[in-house]
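Before any comments, here is the structure.
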Amino acid sequence: QICNQHNAEAPNLEQALHRMAQTEPNLDHDVSWFLLPSYWAKMVVALISFLCFANSYDGDFVFDDSEAIINNKDLRAETPLGDLWHHDFWGSKLSSNTSHKSYRPLTVLTFRINYLFAGGFYPVGFHVINIILHCTISVLMVDVFSILLGGLQFSNKGRRLNLAPKTSLLAALLFAVHPVHTECVAGIVGRADLLCALFFLLSFLGYCKAFRENKEGHNFSMFWVLVSVILGAIAMLCKEQGITILGLNAVFDALVINKLNVLELIQKLLRKDKSLENAGLLRKGLLFRITLLMSGGASILYIRWRIMGTGPPAFTEVDNPASFADSLFVRAINYNYYYSLNAWLLLCPWWLCFDWSMGCIPLIKSVSDWRIIALVALWFCLIGLICQALCSEDSHKRRILTLGLGFLIIPFLPASNLFFRVGFVIAERVIYLPSIGYCVLFTYGFSLLSKQAKKKKILAVAVLGILLINVMRCALRSSQWRSEEQLFRSALSVCPLNAKVHYNVGKNLADKGNQSAAIKYYREAVRLNPKYVHAMNNLGNILKERNELREAEELLSLAVQIQPDFAAAWMNLGIVQNSLRRFEEAEQSYWTAIKHRKKYPDCYYNLGRLYADLNRHIDALNAWRNATVLKPEHSLAWNNMIILLDNTGNLAQAEAVGREALELIPNDHSLMFSLANVLGKSQKYKESEALFLKAIKANPNAASYHGNLAVLYHRWGNLDLAKKHYEVSLKLDPMAPGTKENYNLLRRKLEQLQKKGS
């Protein structure tokens with residue numbers, strides 16, 4: 001509804017508004033830039049934003065995508081949709097002590113839809129949606145910047161007027177091609193920031209629509225104010241930063257709709273002046289709307305807090321070292337240094353890195369550290385801008401600078417460490433929204449330079465050059481995000497002191513089978529961070545596989561000493577101790593791992609192997625049964641149960657277990673093979689043959705499959721088929737144990753039969 005009706009009889013309101021706009025300084029007046037109709041301006045922005053990131057469409061799942069998407073059970077159809085509202089972004093229960101409390105159910109819902117439409121984990125669809133979202137956001141930026149730079153005016157038909165078409169196009173292009181956005185667009189996990197930004201902007205534009213019939217802030221649409229609050233809540237359900245739009249809408253209302261002079265208001269408050277109404281604070285509707293926005297924000301935060309639980313997320317020192325510093329001075333000075341680095345990434349986005357933690361940025365511990373200069377420069381610029389925003393006599397300048405600073409600072413506040421500890425040092429993705437403020441300030445600065453410059457075209461060419469460089473940088477950075485190998489290696493030159501970078505390069509090499517190179521990077525990660533337990537665990541695993549058991553044991557023992565609840569390291573330590581034939585210690589390590597991770601099927605599997613080595617068959621079977629209860633598709637545990645029962649003569653029980661396993665994992669050829677062996681010994685030759693042939697069809701190059709089928713035919717009396725499969729087995733593996741002897745026995749038998757026949 002509209003609180004008051006406007007004067008419908010005003011005949012030439014649109015012309016009057018244009019004349020009114022002419023009385024204010026126009027940014028476009030002195031700017032040498034492209035003037036395009038609104039439709040074409042948006043098409044150009046969409047096209048260029050697409051070109052920047054198009055080459056990321058066929059990239060892999062990289063870095064955090066594995067945990068947020070591939071390993072996230074909330075994406076799978078068997079997980080009830082209701083679970084999304086009780087789990088964090090990574091699929092863990094919000095009530096869990098290990099949860100990061102990142103509550104983004106709507107983002108996870110879009111991942112789930114992607115997964116269902118693609119029919120599995122195929123990254124192309126995920127990447128395409130991210131690119132489309134960034135293009136859409138960039139197009140919306142044309143409208144947003146036209147309001148921030150040109151003000152809010154409507155025609156008599158309710159159409160919003162773009163009073164700064166050239167500068168709004170420039171600002172939108174700056175936003176669309178900013179290289180710092182690559183992580184959000186090319187990294188699928190960045191979907192959270194993109195969706196948040198989309199609803200953030202829609203909330204802002206919705207709030208502006210509330211004043212289509214406004215005159216001096218007196219008339220507004222309650223409907224659009226409420227829609228704005230709802231869209232802000234949706235933005236927060238995509239990512240936490242979204243809630244900040246409600247504060248920005250309040251700032252916009254005060255400065256643009258009610259033309260509030262902040263400095264004048266402060267002065268009157270200090271003098272206890274009773275004429276506050278003239279300052280604009282008590283204009284009709286302003287306090288009501290701000291109260292509505294703040295009440296909505298407080299309600300959303302309360303509900304969010306109740307869902308999250310009262311406990312804050314638990315982070316470690318390596319995630320955010322400054323927040324763990326004992327000295328308040330060290331914390332404050334490093335937080336401000338991080339702010340200056342974020343500002344530098346906006347100004348010069350050349351050095352970009354997927355992760356800035358773990359020693360990438362050493363702590364400043366003394367005022368003699370030369371990096372203090374960055375803090376001084378940051379606050380010198382900020383204080384200068386704030387003074388101009390508050391004290392300038394030019395209301396147009398005050399409005400643009402205040403809005404620019406508001407959009408730069410307010411969305412960044414949740415990542416500032418001021419209200420709560422965050423789990424990172426610098427994260428390029430959190431600058432996506434604050435870059436709106438940067439683009440406003442950059443464009444305003446360009447307009448001021450254009451006003452002073454005699455050769456405006458040279459200045460325009462320089463800005464065009466910046467845009468082209470940014471486009472090329474986006475394309476290059478997008479290509480680096482296409483694979484983990486390129487992404488991790490690109491970080492080595494940016495953050496050579498970051499242990500996590502070396503760890504990820506090593507992990508990528510290990511996954512590809514290059515263990516020697518992986519060891520080098522894991523060792524460097526441990527050298528840079530002697531408490532990096534995950535690097536120790538992975539290095540210990542490789543050394544274990546290379547039979548360097550003593551060093552592996554030392555590393556894994558140190559890892560569990562540093563982090564006593566590190567279940568994976570306890571299990572791996574147990575495997576090493578088992579290999580060293582220290583069975584009691586191995587058993588204790590396995591049970592310690594299970595103590596810290598109750599549902600640990602792999603640990604039960606390894607515990608079963610230990611019991612089998614000790615001939616504790618009942619314990620082994622119980623351990624493997626626990627593994628299959630926790631993970632029904634645990635093929636190795638099923639196989640070991642069948643083999644152990646087979647070897648101990650319990651053929652009926654082995655057959656029952658084999659059939660149970662194949663019902664759960666019907667296409668597992670190793671289970672078919674094990675059950676076929678049992679059936680053959682039980683003289684169920686026909687069924688055994690069928691399973692052997694099915695296993696061979698699934699894995700035709702397994703010598704043992706052909707060899708054991710030959711044994712079956714040998715027993716069954718199908719000697720020609722037995723001879724054929726013995727020969728195939730020996731061709732695949734000439735050293736196959738027992739096969740050659742069986743083949744020679746068969747040949748002698750065939751020769752004897754031939755002699756009898758002759």
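List of remarks:
- Ordering TYR57, PRO530, VAL330 by the projection of their Cα atoms onto the charge dipole of the chain, which places +1 on the Cβ of Lys and Arg and -1 on the Cβ of Asp and Glu, puts TYR57 at the extreme positive end.
- Low-density loop cleavage sites - trypsin sites (Lys or Arg not before Pro) in segment 134-203, where at most 16 other Cβ are within 10 Å (DSSP): LYS157, ARG159
- Dipole axis of segment 64-162 (+1 Lys, Arg; -1 Asp, Glu on Cβ), positive-most option in TYR122, ILE147, ALA68: ILE147
- Cubic angstrom per residue, convex hull over Cα atoms of the chain: 211
- Rg and Dmax of segment 129-177, Cα atoms only, in Å: 11.9, 38
- Under a model in which nothing but the beta-carbon of Lys, Arg (+1) and Asp, Glu (-1) is charged, segment 405-548 shows a dipole of about 560 debye around its Cα centre.
- Nearest 10 degrees, 0 to 90: helix 617-630 Cα axis against the chain principal axis: 30
- Difference of contour (0.36 nm per residue) and Cα-Cα distance, SER516 to TYR122: 138.8 nm
- Relative contact order [Cα under 8 Å, 6+ residues apart], the chain, whole percent: 11
- For segment 287-412, the per residue solvent-accessible surface stands at 51 Å², with DNA, RNA and ligands left out and a 1.4 Å probe.
- Selected from ASN647, TYR444, THR628, residue furthest toward positive end of dipole (the chain; charges at beta carbon): TYR444
- When a 1.4 Å probe is rolled over the protein heavy atoms, the share of accessible surface on the chain that falls to carbon and sulfur comes to 59 percent.
- 0 to 90° range, to nearest 10: angle between helix 456-480 axis and the chain longest Cα axis: 20
- For segment 560-636, a simple Cβ point-charge model (Lys and Arg +1, Asp and Glu -1, everything else neutral) yields a dipole of about 160 debye relative to the Cα centre.
- Cα gyration tensor, segment 485-562 - rounded (a/c under 1.5), prolate or oblate: oblate
- Förster radius 35 Å - calculated FRET efficiency between LYS365 and LEU385, Cβ distance, rounded to 0.05: 0.75
- Alpha carbon centroid spacing (whole Å) that separates segment 414-486 from segment 179-195: 14
- Nearest-0.05 FRET efficiency for SER155 and PHE419, computed from C-beta distance (R0 60 Å): 0.90
- Put a dot 7 Å past the Cα of GLN267, heading toward its Cβ, do the same for SER579, and the two dots end up 7.8 nm apart.
- Taking label positions 7 Å along the Cα-Cβ direction at both ASN667 and LEU750, the computed distance is 3.6 nm, reported to one decimal.
- Length added when fully stretched, HIS86-LEU347, from 0.36 nm per residue minus Cα-Cα: 90.0 nm
- The magnitude of the dipole of the chain, with charges of +1 and -1 set on the Cβ of Lys/Arg and Asp/Glu and taken from the Cα centre, is near 760 debye.
- Projected label points at LYS454 and HIS29, each 7 Å from Cα along the beta carbon direction, are separated by 2.2 nanometres.
- Between ALA77 and TYR302, the C-beta separation translates, for a Förster distance of 45 Å, into a calculated FRET efficiency of about 0.85.
- Helix axis angle, 105-118 relative to the chain longest principal axis, alpha carbon, degrees: 50
- Heavy-atom accessible area for HIS534, with the other protein chains in place and a 1.4 Å probe, reaches approximately 90 Å².
The values are calculated or read from the model by the stated rules, or taken from the named source; none is laboratory data. Remember, it's a predicted structure, so these values are computed and weren't measured experimentally. Quick reminder, even Gly has a Cβ in these numbers, built from the backbone with ideal geometry, and neighbours come from all protein chains shown. All accessible areas refer to the heavy atoms of the entire protein, side chains included, with ligands and DNA or RNA removed. Shrake-Rupley method; radii C 1.70, N 1.55, O 1.52, S 1.80 Å.
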